[in-house]
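Peer 1: Would you mind keeping the following structure in view while I ask a few things?
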Amino acid sequence: MTAQLAVVTVTYSSGEYLTTFLRSLEKATSSAIPPVIIADNGSTDGAPEAAEQENDNVTLVRTGGNIGYGGGVNRAVAEVDPDVEFVVIANPDVEWGPGSLDELVAAAQRWPRAGSLGPLIHEPDGSIYPSARRVPDLVSGAGHALFGTVWKSNPWTAAYRADSAAPSERAVGWLSGSCLLVRRAAFDSVDGFDSRYFMYMEDVDLGDRLGRAGWLNVYVPSAEIVHTKGHAAGRNPEKMLPAHHRSAYRFQADRNPGVLRAPIRLALRIGLAVRSKVAVVAARRRENKVESGDQ
């Protein structure tokens, strides 16, 4: 009988994070440990190879280069038997909470129109990351992008992050791609992630497209994980921060097509390009302070 569940992850020199990911997976379900497909985007640390060698349930797939997160996920999902009903997509720096996969599967059975379901995500310090959000429209998306880092309490960011909503099982606009259970039929119906997004916003885009296709994105706070987010991005802000801003532009540009909206797209492109440069400079300054010990 084909397994009901498979897990996929994308690695890029994830090191010990991947070890924790696989070790904690054992306590995430009372059923047999699910098969894990690792799509490796060019690791040089040997961690994916070691994981495959040391774990009978792990299969390593090399993508041939750094094709981005969404592209890597799509490559891994393609290796999963089509008869597997649910696929869990997760970053390799996730630590699974006890019974977290069982909770997600149970919720999927309660919500037959759920195309994706996401857990409550803890930061390493124990705080809750706002992983269940509204789909940003042009105004809220631009407001959050421009002011999110310099004016934390601005109304656009608050609305986008849905900060006022208490954790409860409910349908939302989109869920963090750091950990998602997707119904294979739903994922295939929208052709998976849009691989044009190298990194960032691919989860927003997926949630929006699932919603437009008639599926639900369901937040399941009874399932809990810890996510050490940004370990790859933090190593190279000069590449990752511009990638984030390019993705933000792509998302809004795709939803504002046509000649009449060309001025809107131009304004977005210019505004986000300027913000990207400012963000890179700020990241460099923070790094220099840390290296000099001036914190």
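Peer 1: Rounded to the nearest Å, what's the spacing between the alpha carbon centres of region 1-72 and region 241-286? Just the number, please.
Peer 2: Region 1-72 and region 241-286 have Cα centres separated by 32 Å.
Peer 1: Something else now. For V87, V278, what ranking results if the residue with the fewest other Cβ atoms within 10 Å of its Cβ goes first?
Peer 2: V278, V87
Peer 1: Here's a follow-up. Enumerate the calculated ³J(HN,Hα) couplings along region 120-132 in order (Karplus 6.51 cos²θ - 1.76 cosθ + 1.60, θ = phi - 60°), each rounded to whole Hz, writing x wherever the residue is Gly or Pro.
Peer 2: Taking θ as phi minus 60°, the curve returns 6, 10, 8, 6, x, 7, x, 5, 8, 7, x, 9, 10 Hz for region 120-132.
Peer 1: What are the ³J(HN,Hα) couplings of region 10-18, residue after residue, when phi is run through the Karplus curve with 6.51, -1.76, 1.60 and θ = phi - 60°? Round to Hz, x for glycine and proline.
Peer 2: 10, 10, 8, 6, 8, x, 5, 4, 5
Quick note: the coordinates plus some simple rules give every number you see, no bench work behind them. Just so it is clear, the structure is predicted and the values come from calculations on it, not from any experiment. Ideal geometry is used to build each Cβ from the backbone, glycine not excepted, and the neighbour counts take in all protein chains shown.
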